[in-house]
Structures are given as C-alpha cells and as structure tokens.
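Colleague: Handing you a structure now.
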Amino acid sequence: MTLSLEHYLVLSAVLFAIGLYGALAKKSAIVILMCIEIMLNAAAIAMVAFSRFVVPTLLTGHIFTIFIIVVAAAEATVGLAIIMSVYRSRETIDVTKIDLMKW
Amino acid sequence: MGIEIAFWVLAVLTVGAALAVVLTRDLFRAALFLVLCFLAVAGIFVTLSADFLAAVQILIYVGAISVLIILAIMLTREVQRGNISNKLSLPALVVALIITGTFSLVMINTDWNISAEAPLEPTTGPLATSLFSEGFVLPVEISALVLLAAILGAIVLVREN
Amino acid sequence: MPEQLYWLIFLLPLAASILIFLMAAPFKARPRLFGYIGILAVAASAALSLWALSDLLSTGSREILIPGFEWLAIGDSFRITFGLIMDSLTAVMVIVISLVSLMVQIYSQGYMHGDPGYYRYYGLISLFTASMLGLVLTDNLFMAFAFWELVGLCSYLLIGFWFERPAAASAAKKAFIVTRIGDIGFLAAILLLFAETGSLNITEVNHLAATGIIAGGTLTAAALLIFTGAVGKSAQFPLHIWLPDAMEGPTPVSALIHAATMVAAGVFLVARTFPIFEASESALLVVAIIGGFTALFAATMGLVMTDIKRVLAYSTISQLGYMMLALGTGSVAIAIFHLFNHAFIKSLLFLGAGSVNHATGTFDMNHMGGLRRVMPWTFITFLVASLSMAGIWPLSGFWSKDEILAGALDSNAILFWLAMITVFMTAFYMFRIIFVTFGGKYRGLGHPHESPRVMLWPLLFLGVLAAFSGLVNVTGGFGHFLGHGETTGFLEGFFSVFGHPLTWLSLAFATGGILLAYAMYSARWLDPAFIRQLFRPLHFIFSRKYLMDELFEKAIAQVLLLKGAFAGLQFFDSRIWDNGLNSVIVENAIVRRLFAGFRYFDEKGVDKAVDGVAGGTRWSGRILSKAQTGQLQVYALFIAGGILAILLFVYLAG
C-alpha cells in the first residue's frame, strides 16, 4: 500500500495518546516531562506530514517543527529546573504529594 | 516499496518505545527507551523527506534533552520508587483510548487536499531562506529571547541561596 | 540623508533613556556616565536635524514624507500607520528641540551635580526629548496624541522630580490634571476628524480641510477642540494656572520644558493642523482673542512677582499668547519664527536664573542685588536675552515681535493695542529683574560666585543664538522657508524696518518700559513702594493671580461641588425622600396592617427560600470543592476530556 497522509496522522495520534496517558497517569514528575516530550514529537510528526503531503514546496510545517523543538528545549530546561527546585524543598517529586492548590 | 517497509518498522519502533517509556518499572530504562523513541521519530522524518529536521531532532532531542532528563533522573534517583502509576490510571487509559479512536476516525474521514507535487530535497536551503529572509525572522529572534529567558529562569530556579 | 536616519532623530534619545534606566543599578557609583549618554544621544539628534535641514534647503522641496510601517489595522476602515513628515515646520522644531535639549543637558551636568536622582533626571530628560521629537515628526494624529500624552507624563515626572517636597508633588499633580482637561479636547477633535474623514493622517486631513470637504460646523468644532488641547499644553487662559506652579521643578527642566519645548507643543499643534483653522474664520478669531488676552493677562501678573522663575513663567505664558495671536491673525510662519527666537531667549533666561540660584541659593529677588560684579558672564547673557525679549533692534526678539504686531495691526485694533501694552510691560518686568538682581548692592545672606564653566558654555551658546537667531528672517528667508512672504536683500531688510512707523512705536514702548524700570529700581526717581500703594487694588489682583487658583479650588471644587451639588443631593435624599415620603405612606396604620400579612409570608416563605438557596449553594460548593484536589494531573485529565468533547462536537456538527 502506498503511504499517505492518514498513516502518519494515525501514527501521530497514537503517539499523542500514549504520551497523554503517561502524562496523566504517572506519579514521577520526570516521567510526566518525558511523556510531554513524546506528545510534542507526535505534534511535530503531524506537522511535517501535513507539510509533505499538502504543500510540499512550502516548508511551513518544517518551520513550525523547528519552533516546536526550540520551545520543547526551553520547556524541558525550565521544567527540570523546577523539578530540581521542588526536590530540594520538598524531598519528593511525586506529583500527587504536591497539591498546595487544594482548596 | 522500501519506504513503506521503513515506515512500518519505524512506526512500530516508535510506538513500542513510547509504550515502554510509560510502562517500564525502572526509571532509567524508561529514559533510554525515550531516546530510542526520539531516534525512531528522526527516522520517520527521513521518510517524510525532512532531512534537516531529522538531523535537528537527533541533535537536540537525543543530544540535549535526553541528556538533561537522564541528568535529572540521576540527581533525584533515591527518592523515586520507580515508574509507578497514580490512581488516575484507569480514567486516563479510557481517555487516551477514546482520543486515539476519535482522532483516527476524524483524520481518516476528512478529505485532505493532497497535493501531487514532489517534495523539495534537500530542505536546508529553502528552510534557511524562509527562516532568515522571508517572514520568519521575527519568530527566530523571539525564540532566541525565549531560550535566553529559559536559561536565565533555569539558573535562577536552581540557585542555592 | 538616507531615510532610516530620520527615524534615528527621535529613536536615539529614546534608546538613551532606556539605556540609562537599565544601567541605573549597576552604574550607580558613576552617575556622570548617564549625563554623557544623554548628551551624546541628543547631540547626534541635533546633528541629524541639521543635516535634514540642509537636505530640505538644498533640494528645494517643501517636504519629505517618509512612509513608515503600519502599526494597527482593523479591517479596512481603521489603520494607524506610523510615518514621518520632514517639512519646514518640522525641521525648525527639531533643531530647536535638540539644540535646547543639548544645552540644558550640558548645563545640568553642573546644576544637578551631586543630586541622588541624577540617573532618573537624565533618563527622563532623554525620554522627554524623544517624545517631543516624535511629536513633531509624526504624520499621524493618533501617534501625535500618544506623544502628546508622553510629553505630559515626562513633564509630570520632572516637575515632581524632588518628590519629597509636597509643593513639588502637588504642582506636578496640578500640571497633569490641568493639561488633561485640554487633552480631552484634543482627543475629541481626533475622534471628530476621524468620524468625518475616516483618516488619521495629518497631511490627508489638512488637505481635506483645505479643499472644503469637511463641513463648516464640524470644522470649527474640530478646530476649537484642537485649540483646547493647545490651550492646556501652552498654558493659555484659562488653563494657565499650572505653569507658574511648575517652577517647583529643577531649573534646567523649566528651561527645557516650560520655556522652549513642551509649552510650544500647543503652538506647534495649531501650526501643524493650520489648514483646519484657516478654513474656519471663527476659530481663528478665538485663537487670536485668547492669545492676545493671555499675553496681556500674564504680563500683568509678571509685573508683581518677586520670585525670578515666576516672573519668567508668566513671561512665557505671555509670549505664548503672542504666538497664538500671530496664528490667529493668519500667519504660521511668524508664529513659528517667534517660537524659534523665544525658545533660545527663554531657555537662556531660565538657565541664567538657575545660575543665579546656584550662586545665591534662592530665587527671591529681594535677597539679591549687585550680582553683576560677581557673575559677569551670567549678567551679560541675561542682559542680552532681556534686551532681545523686550524687542530692541537688532536683536532677535525685535524681528519676530515686530511682525506679530504688524499682523495684529492689520487685523484688529483692540488686539493690536493689547499687544502694544504688553510690549511695554514685557520690557518693564524683564528689566525689573535685571536692575533688582544684578544692579545695586547685594542684599542676601550667602557668598555669591560665578557658576562653573560647564554651566557657562551653554549660556554663551544660547546667548549668541538669542541675539542673532532673528537675523534669519531679515531677508524674509525664514518666512519664505515656511511658505510666507518674499525675500529681500539682507541690508535692505536690516535697515528698512525703520521706514515703518510701527517699528518706531514698538521701540518707543519697549524703551519706555526699560526707562520706567530704571526709574523705579535703579535710579530710584520713583519709589516702588509708593507706586504699589498707589495702585493697591491692581497690585492685589495681579499678585494674587486674579484669584484664579481660589476660583478653581474653593469656588468651584469646594463650594459648588462639595457643598452645593453633592450636599444638595444628600439633603434631598435624607430629609425629603426618607422622612417625608416614608412617614406619609409607610407609617400609615392601614398600610401597616396590610404589610403585617406580608411579613408573615416573608418570614416563613421567603426567608426559608432564601436560606434554602444559600444552604443549597454551600452544599453544592462543598461537593464541587472535592474537584479541587490540587493535583495537576486531575485537572489535565479534565482538560483532555474537554478537548475530546469539543473535537467530537465540531466534527459531528460540521
């Protein structure tokens, strides 16, 4: 079968769902961060797929992906810094124990 | 023909690695599976004729972000009881399955305007033109500022005093 | 000059201001650095302005329009573009602004030495210079308003520079509020013009006004509203009350803002939108009348003040009145010419007053005297500026004042005589200052000395300009540059003024004023105390500023509003409504019985219902608060569910 847009999009959706499950259902903050990266990668795949199949000569999807990667890098940096900070003050990175926003 | 096989192999690898990230007990193994996932995604980019992006993906994701994550795991290793689930695992599973199904359904049933043109190769030149001389210069500069802010923020957050 | 450099004229001081504020903390120990940054930036602006002027002159074109970028566009009907105009008016203004600002900043190196707020001072002065330059350069009414407000903000911050002094703080407040009243008029004019023409571009609007496309009534209304804004900023009657109080700020600030530039912004605005005024006879008349009246009105108050800066402040208001008079009698070029001369003269006078203050520690003329021996340079420059201000030939003030008088003569006899009497008064009060401060013997308590060189060089530079800046119009060249009049030869223009009787008349009035001042304060042929006694009621009115401050504050604010309108409303409410109506209707016995039944229903039914609602709300709140677990992942789950719902909804519905 020839590859078409739908293949990549379904791959992207599956990857996104896996990342989503991990982000919602895991206790360790670092694992949540890893799953967020998976979700971002899924979005990037979708972007590039759209760019390749719908407007191959404009590289808009690629540019978008570059910015996704930039933002993911910045976010991973700050996120890990926050995790370090929380670890230092609370001795844990179990997100179920960090619930100061409780009413 | 070759490209289809490559795609299927890489797809299975990606999904498998992602599942492994979520399901493995050992945190360090999960991080390593994440690296595998990123590499497989780079391969997917190659099948999409996005050569520059594949290189960027490997450089940044595998080269920098994964290292950061592994570093963080090393620093907080003894407090973690591994990769365990919290009490939302069932609702999250349900939501994830429904999302997969819905997205796939919507995507397959939408009529995309697929264009028959061949993709550009290599993409580096046209990407550089778009980014730096036609219209995307401002976002590039702003992303530089974002990265600067992220670095400064990270430093401030991790300082001792 | 390449197009990009025009933007630098106002961007450089802006960048300097931002730089100074950013660098304030790390470089606190070396404050002189901030002064250098500010001076460098404004010197570069001045150089660029001169280059622009030479370009304009050499190409012979009347204006250079620099298209800018589009800042905001809402649909097709509303777009704000930010471009620049460099025409003769702008060229003159940028040169004035940048040169005076440069001199003031150099002077401030000496005057503000050791002040703890040094960085704030230079940052604000650079910001002010940038905003003022932006105001004169912009081609869009909206941007002009934005810069107008910025200039007012800088004025507020600079008047209240020494904010720990309550007098300064309240003077800053007063300035801002009073000019705000005018600014509302300006904003209303912008809205009106936009509604009529659909455009905010100044050149377009002027063109539409000149070709008569805008209706008469609207045009007059717009012109009068713009003039309201000018009245506020240029301290004309009745919004002049803020300027004398604004003298609480540092003297270089008074020189820059309240003598040469910001208060000239009102005159500039009318000049910039002059086609709108030209098309409306009544608006021009209003401008001329208010200008002429203010000129005389302010001069009367300047006669009796004992604080040098206050006299100069009233003198500024009076001279601005002259400029408005010139505009009202139809000549933009003459008004701008007077603005040009006055800027140099007045800033020099203020800086000289600052020099005197630096030496004696006070501004009160009663504690001065005999300073001409101790501060010769300050004395000479001050004298030159006073002679120029009084309108003595061949100094600059003569040339512009003479033209204004000629214009007034042509248009209206009353205005002309008002202006002539003001000439007399101007000469009188300026020389009163000279004789009391620099003549006679020292009556104060300190040890006066000449100011340091960094303060003297600007005085000398401005002195040369104050003396000779008028010569640019001897050939009619300046006027021609601004589009009015023809040119004649230099010597011909120089001496031919003596052929008109008006010249002799104005010189006579001016010399008369100087002589009277000499008689009263130097030679003592007439005793000032005696004259004061003779004209006691007048003196009272003049020195109490026509009681206008009392009018605004007590009569209007306290009596009229607080005690009058608001108290009246309160009286009506408590006595008439509550007691009267209540007692007549409600207390009635029959009605009381009727309401007893209502009370039963109210207690049992309504109260229970209300309590029930309240209780139910709290119960449901308790239950719903269980959703606030404080755990991010729960919230994220809900978000994911929400996205799913939206996606399904959109897909199924569309």
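Colleague: Between residue C:544 and residue C:523, what is the spin-label point distance in nm, taking each point 7 Å from the Cα along the Cα→C-beta axis?
Modeller: The answer from the label model is 3.6 nm.
Colleague: Related question: Per residue of chain B, what 222 nm ellipticity follows from adding -39500 (n - 2.57) for every DSSP H run with n ≥ 4, rounded to the nearest 500? The partial results should precede the final answer.
Modeller: Values: 7 runs with 112 residues, N = 161.
So the calculated ellipticity at 222 nm is -23000 deg cm²/dmol.
Colleague: Can you give the Kirkwood hydrodynamic radius of chain C from its Cα pairs, in Å with one decimal? If you can, show how the numbers build up before the last one.
Modeller: Details: mean 1/r = 0.0360 Å⁻¹.
That comes to 27.8 Å for chain C.
Colleague: Between residue A:89 and residue C:449, what is the label-point separation in nm under the 7 Å Cα-to-beta-carbon projection?
Modeller: For the pair residue C:449/residue A:89, the computed spacing is 5.7 nm.
Colleague: Taking Rh as the Kirkwood radius computed over C-alpha pairs, what is the Stokes-Einstein D of the protein assembly as shown at 25 °C in a medium of viscosity 0.890 mPa s, expressed in µm² per second?
Modeller: Details: Rh = 33.9 Å.
D = 72 µm²/s.
Colleague: List the residues, sorted by chain then number, that are 5 or more residues from residue C:68 or on another chain and whose placed amide H is less than 5 Å from its amide H.
Modeller: Residues meeting the amide H criterion: C:82, C:83, C:84.
Colleague: If you don't mind, there's one more thing I want to ask. Per the Debye formula with a single identical scatterer at each Cα and no solvent contribution, what log10 I(q)/I(0) holds for segment C:27-112 at q = 0.12 Å⁻¹?
Modeller: Here log10 of I(q) over I(0) equals -0.55.
Colleague: Let me ask something additional. In straight Cα distance, which aspartates and glutamates are under 20 Å from residue C:626, not counting same-chain residues fewer than 8 positions off?
Modeller: Cross-link targets: A:99.
Colleague: Report the Cα centroid-to-centroid distance between segment B:16-77 and segment B:107-147 in angstrom, as an integer.
Modeller: Segment B:16-77 and segment B:107-147 have Cα centres spaced 23 Å from each other.
Colleague: For segment C:365-380, just list the computed ³J(HN,Hα) in residue order, Karplus coefficients 6.51, -1.76 and 1.60, θ = phi - 60°, integers in Hz, with x standing in for Gly and Pro.
Modeller: 5, 5, 9, 10, x, x, 6, 5, 7, 7, 10, x, 5, 4, 4, 5
Colleague: Let me ask something additional. Helix-only mean residue ellipticity at 222 nm, chain C, DSSP H runs n ≥ 4 weighted -39,500 (n - 2.57), per residue, nearest 500. What is it?
Modeller: Rounded to the nearest 500, the figure is -22000 deg cm²/dmol.
Colleague: For residue C:628 and residue C:601, what is the calculated FRET efficiency with R₀ set at 35 Å and r taken between the beta-carbons, to the nearest 0.05?
Modeller: Taking R0 as 35 Å, the efficiency between residue C:628 and residue C:601 is 0.35.
Colleague: Rounded, prolate or oblate: which fits segment C:100-205, taking a ≥ b ≥ c as square roots of the Cα gyration tensor eigenvalues, rounded meaning a/c under 1.5, else prolate when a/b beats b/c? Mind showing how you got there, number by number?
Modeller: Working: a/c = 4.28, a/b = 1.82, b/c = 2.35.
Verdict is oblate for segment C:100-205.
Colleague: Can I ask one more? Say we join alpha carbon atoms closer than 10 Å with springs in a Gaussian network model of chain A; which of A:46, A:74, A:23 then has the biggest fluctuation?
Modeller: Evaluated over chain A, the most mobile residue of the options is A:74.
Colleague: How high is the relative contact order of chain C, in percent, with contacts defined as C-alpha pairs under 8 Å that are six or more residues apart? Intermediate values should be presented prior to the final figure.
Modeller: On the way: 988 pairs, mean separation 68.6, N = 654.
Normalised by residue count, the contact order of chain C is 10 percent.
Colleague: While we're here: Counting each pair of different Cα atoms once, what's the Kirkwood radius of segment C:12-171 in Å, rounded to one decimal?
Modeller: On the way: mean 1/r = 0.0589 Å⁻¹.
Answer for segment C:12-171: a Kirkwood hydrodynamic radius of 17.0 Å.
Colleague: Further question: Given a cut-off of under 8 Å on Cα pairs at least six residues apart, what relative contact order in percent is computed for chain A? Before the final figure, lay out the partial values.
Modeller: Numbers: 84 pairs, mean separation 27.5, N = 103.
27 percent.
Colleague: Here's something else I'd like to know. Any chance you could give the angle, 0 to 90 degrees and rounded to 10, that helix C:262-272 forms with the longest Cα principal axis of chain C?
Modeller: On a 0 to 90 degree scale, this one is about 90.
Colleague: Going by alpha carbons, how many degrees (0 to 90, nearest 10) lie between the helix axis of C:589-601 and the longest principal axis of chain C?
Modeller: Helix C:589-601 sits roughly 70 degrees off the main axis of chain C.
Colleague: Expressed as a whole number of Å, what is the distance separating the alpha-carbon centroids of segment C:228-249 and segment C:80-158?
Modeller: If we compute the Cα centre of each part, the gap is 18 Å.
Colleague: ³J(HN,Hα) across segment B:49-61 via Karplus (A = 6.51, B = -1.76, C = 1.60, θ = phi - 60°), whole Hz, x for Gly/Pro?
Modeller: 6, 9, 5, 4, 5, 4, 5, 4, 4, 5, 4, 8, 5
Colleague: For helix C:166-197, report the angle its Cα long axis makes with the longest principal axis of the Cα atoms of chain C; keep it between 0 and 90° and round to the nearest 10°.
Modeller: 80
Colleague: With runs of 4+ DSSP H residues as the only contributors, calculate the mean residue ellipticity of chain A at 222 nm using -39,500 (n - 2.57) per run, divided by the residue total and rounded to the nearest 500.
Modeller: Working: 3 runs with 78 residues, N = 103.
One gets -27000 deg cm²/dmol as the mean residue ellipticity at 222 nm.
Colleague: Would you mind calculating the relative contact order of chain B from Cα pairs under 8 angstrom and at least 6 residues apart, reporting the percent as a whole number? It would help to have the intermediate numbers written out before the result.
Modeller: Numbers: 85 pairs, mean separation 31.6, N = 161.
Result for chain B is 20 percent.
Colleague: Tell me, what is the FRET efficiency for residue C:15 and residue B:64 to the nearest 0.05, using R0 = 30 angstrom and their Cβ-Cβ distance as r? Don't jump to the answer; show the numbers that get you there.
Modeller: Values: r = 35 Å, r/R0 = 1.17.
Computed FRET efficiency for residue C:15 and residue B:64 comes out at 0.30.
Colleague: Considering only the other residues whose Cβ falls under 12 Å of the Cβ of residue C:258, what net charge follows from Lys and Arg at +1 and Asp and Glu at -1? Working shown, then result.
Modeller: Working: positive: C:233, C:309, C:310, C:346; negative: C:245, C:248.
Spelling it out: positives minus negatives among the neighbours equals +2.
Colleague: If each Cα of segment B:1-126 is one equal point scatterer, what is log10 of I(q)/I(0) from the Debye formula at q = 0.15, 0.18 Å⁻¹?
Modeller: -0.95, -1.17
Colleague: Continuing with the same structure: Given chain A, what whole percent of its Cα pairs are spread farther than 20 Å?
Modeller: Values: 2649 of 5253 pairs.
For chain A, the share of Cα pairs beyond 20 Å comes to 50 percent.
Colleague: Can you flag which of C:233/C:401; C:346/C:401; C:174/C:401; C:401/C:545 are past 20 Å Cα-Cα? Please report the intermediate quantities before stating the final value.
Modeller: Working: C:233/C:401 22 Å; C:346/C:401 14 Å; C:174/C:401 31 Å; C:401/C:545 25 Å.
Result: C:233/C:401; C:174/C:401; C:401/C:545 exceed 20 Å.
Values quoted throughout were computed directly from the atomic coordinates according to the rules given, and no laboratory measurement underlies them. Fair warning: this is a prediction, and the values are worked out from it, not measured in the lab. We place every Cβ from the backbone using ideal geometry, glycine too, and count neighbours over all the protein chains shown.
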